[in-house]
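Colleague: For reference, the structure I am asking about is given below.
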Amino acid sequence: MSNDIRRIVATDCGSTTTKAILIEKNDKGEYRLVARGEAPTTVEKPFEDVTMGVINSITELEEITGEVVPEGYTKGRRKLLKDGKVSRLRKEGKETAQRADELDAADLYVSTSSAGGGLQMMVAGVVKAMSAESAERAALGAGAILMDTLAVDDGRKDYQKVERLRQLRPDIILMSGGTDGGTKSHLIEMAEVVRRADPKPRFGDMKLPIIYAGNKDARTEVESVLGEGISLQVVDNLRPTLDKENLGPAREEIHEMFLEHVMQQAPGYSKLLEWTSEEVMATPNAVGKLLKEYAENEKINVLGVDIGGATTDVFSVFLNDQGERVYNRTVSANLGMSYSICNVLKEAGIENIARWLPFEIDPAEVRNRLRNKMIRPTTIPHTYEDLLIEQAVSREALRLAFIHHKSLARNLVGVQQGGLDRLMSEQDTGQTLVKMMALDMVIGSGGVLSHAPKRAQSALMMMDAYQPEGITMLTVDSIFMMPHLGVLSEHLYEAAREVFERDCIVKIGTCIAPVGIAKDGEPCVTVKGNGLDVSVPFGQIKVVPIDIEKTTELTVEPAKGFDVGEGKGKPVTVKRFDTSKGNRNQTTNLIDGQVGLIIDTRGRPFNLELNTPGRVEKLRSYLNAFGLPLP
């Protein structure tokens, strides 16, 4: 897209709130965030028109720019609405109108949406640990909420699968299975199950959309079995061979069907699609798009999380064995901080939550407080103790969602290994792609992380939940505009990158975490460079403020038996991760965070139990290290 894009409006229509941002190019030629507005989403009664919420949020942008405009930008109220809709100069790369004056209209308007419950999908495959798992990765990567996975070997009878299909009423079904040229009978059996269920979609009386991404030789038979009551779309096989996965075509088709079959049925979306310069994108899909683009362009491995009230989304981009960066997303639909807080309690157990509390309290008391939160899910902590309990819950929600993510983000099952081409059992399945020692950046998002009173609290929550290894940058999404930047990155990556680095993510600091175990007080790691010389024994957290302009390079020397990335006892040199325009260095990961350099010598793996001797004192020492108040 050409460089004459000066003003961009982006909206994200969430399930409860519609958020709008205004991005402009300043007099230095940089794209920066100018203003942000929000309004309640209006997809439900009494309004039933999503564009009303869009107009209200953009009206707030107009009002804000009429009062405050950052230095380097033209002063004055922007005129972003005209004739009851978003005024924009460009539609699908073409000029559509003339700018009346310098403050008139936006050059580009893009939007994402998860209003109306988002995209709800079911997937059906042949082998649960192979084709069905590939279908899960395709659906989740396209921004879907995965309702259930059907497979020939999932242990359910056909009538149970039929009942499940009728009960859930998904927006779209993705069918996969069989390598090209392989068996067809199991796919035909699965098609029979779908036809007998005759499931009805959530919206309207349209035909249920089904995407077939299985054995190409079975396409004709599957289409014949499904019949004319289904809207079938055929794409390339997800697993054309045992050792190859091809998720792109299925993901693209899911996106197209979401726009055509689902969003068109939601009130006001057809109008919104006419307003935007480009196609509307599902919110999680947009977040994944941004992280994937950023990881590939900056040549880094990224882990992102969005922890909400009801669900926790985890995104990752890691190099696989073939040297390709692979994007994965998972949704833990039962792990959240308000509506799903008791699911976290049930899955983690009260002891695992209470172990993170730096004060003595009866676990039964913690359980009762969490039950009160479930009854009143929109309440916020009133005391410091309440805040610490909520942050203890977040550690477990993040940890459990991460375990789920690692189990799905794996190398392919059934590939040739050890010279034997064999189908591996579920116990032999591929190793996870998520290798913490190779991780460069963690991005935390969601209320409990983005709006923690102190950034150090966000860092400690992510360190406890994810246990980063080696040298890792810790960041948070300040105001959750990754969806806006994700849809923008597809059309104008440089603008999305500049705003992402300068206005979206807040750098907390660089975490150095040696892998290994020793006794408390034994030598662990020394960090040197530019006048800095710090030795930290095992079992501590030490925070060292650094000036990134003066401390551009550090040498990390682990003690014998500890590894920070190059092997046990071997030093590692890290340089500044420079995000200044035109001077980028993607091979290093030392950032000038608000907290500074965080040296975590608690060991990996780090285990803390409710009955660990001195547990409360240890937790209080960690708070002290960050300068956080004690309860």
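We did not get these values from a lab; they are worked out from the coordinates using the rules stated. No experiment lies behind these values; they were computed from the predicted model shown. Note that each Cβ is placed from the backbone with ideal geometry, even for glycine, and that neighbours are counted across all protein chains shown.
Colleague: Distance from the Cα centre of region 585-631 to that of region 237-253, in angstrom?
Modeller: The distance from the Cα centre of region 585-631 to that of region 237-253 comes to 41 Å.
Colleague: Still on this structure, please answer the following. What FRET efficiency comes out for N368 versus R502 if R0 is 45 angstrom and r is the Cβ-Cβ distance? Round to the nearest 0.05.
Modeller: 0.55
Colleague: Roughly what % of DSSP beta bridges within region 118-278 run antiparallel, to the nearest 5?
Modeller: 5 percent
Colleague: Compute the distance from the alpha-carbon center of region 470-491 to that of region 530-558, in whole Å.
Modeller: 27 Å
Colleague: Full-extension gain between K45 and K346, please, as 0.36 nm times their residue separation minus the C-alpha to C-alpha distance.
Modeller: Extending this stretch completely gives an extra 104.9 nm.
Colleague: If you restrict to DSSP beta bridges whose two residues both lie in the chain, what percentage is antiparallel, to the nearest 5?
Modeller: For the chain, the DSSP antiparallel bridge percentage is about 60.
Colleague: Could I ask something else about it? Assuming a ≥ b ≥ c are the square roots of the Cα gyration tensor eigenvalues, decide whether the chain counts as rounded (a/c under 1.5), prolate (otherwise, with a/b larger than b/c) or oblate.
Modeller: It is oblate, given that a/c is not under 1.5 and a/b is not larger than b/c.
Colleague: May I ask you to compute the full-extension gain from D104 to K435, defined as 0.36 nm times their residue separation minus their alpha-carbon distance, rounded to one decimal in nm?
Modeller: Full extension of this stretch gives 114.3 nm more.
Colleague: Also: Among D12, D503, which comes first, second and so on when ranked by fewest other beta-carbon atoms within 10 Å? Intermediate values should be presented prior to the final figure.
Modeller: Numbers: D12 30, D503 19.
Going from sparsest to densest Cβ surroundings: D503, D12.
Colleague: Is it possible to state the helix-based mean residue ellipticity at 222 nm for the chain, with each DSSP H run of 4+ residues giving -39500 (n - 2.57), the sum divided by total residues, to the nearest 500 deg cm²/dmol? What is it?
Modeller: Numbers: 17 runs with 187 residues, N = 631.
Computed ellipticity for the chain at 222 nm equals -9000 deg cm²/dmol.
Colleague: In whole angstrom, note down how far apart the Cα centers of region 171-196 and region 302-320 are.
Modeller: 30 Å
Colleague: How high is the FRET efficiency between A333 and R166 when r is their beta carbon distance and R₀ equals 35 Å, given to the nearest 0.05?
Modeller: For A333 and R166, the calculated efficiency is 0.95.
Colleague: Determine, for L108, L319, the number of other Cβ atoms within 10 Å of each Cβ, and report the residues in order from fewest to most.
Modeller: Going from least to most buried by this count: L319, L108.
Colleague: Of V564, M374, N411, which is farthest on the positive side of the dipole of region 287-625, counting Cα position, with +1 on Lys and Arg Cβ, -1 on Asp and Glu Cβ, and the Cα centre as origin?
Modeller: M374
Colleague: Pop a pseudo-label 7 angstrom from the Cα along the beta-carbon direction at both D180 and E256 and give the gap in nm to one decimal.
Modeller: Modelled inter-label distance: 1.8 nm.
Colleague: By a straight-distance test (C-alpha under 24 Å), which lysines pair with K207 as possible cross-link partners, with residues fewer than eight away in the same chain excluded?
Modeller: Qualifying lysines at Cα under 24 Å: K161, K216, K271.
Colleague: Suppose R0 equals 35 Å. What FRET efficiency, 1/(1 + (r/R0)^6) with r the Cβ-Cβ distance, do N26 and N530 give to the nearest 0.05?
Modeller: Once rounded, the FRET efficiency stands at 0.60.
Colleague: Follow-up. By how many nm would the segment from H404 to E71 lengthen if fully extended, with 0.36 nm per residue of separation less the alpha-carbon distance?
Modeller: 115.4 nm
Colleague: Here's another thing I want to ask about it. Using Cβ counts within 10 Å as a stand-in for footprinting exposure, how do C13, C511 rank, fewest first?
Modeller: Ranking C13, C511 by Cβ neighbours within 10 Å, fewest first, gives C511, C13.
Colleague: Next up: Can you classify region 7-115 as rounded, prolate or oblate using the Cα gyration tensor, where a ≥ b ≥ c are the square roots of its eigenvalues, rounded means a/c under 1.5, and otherwise it's prolate if a/b beats b/c and oblate if not?
Modeller: prolate
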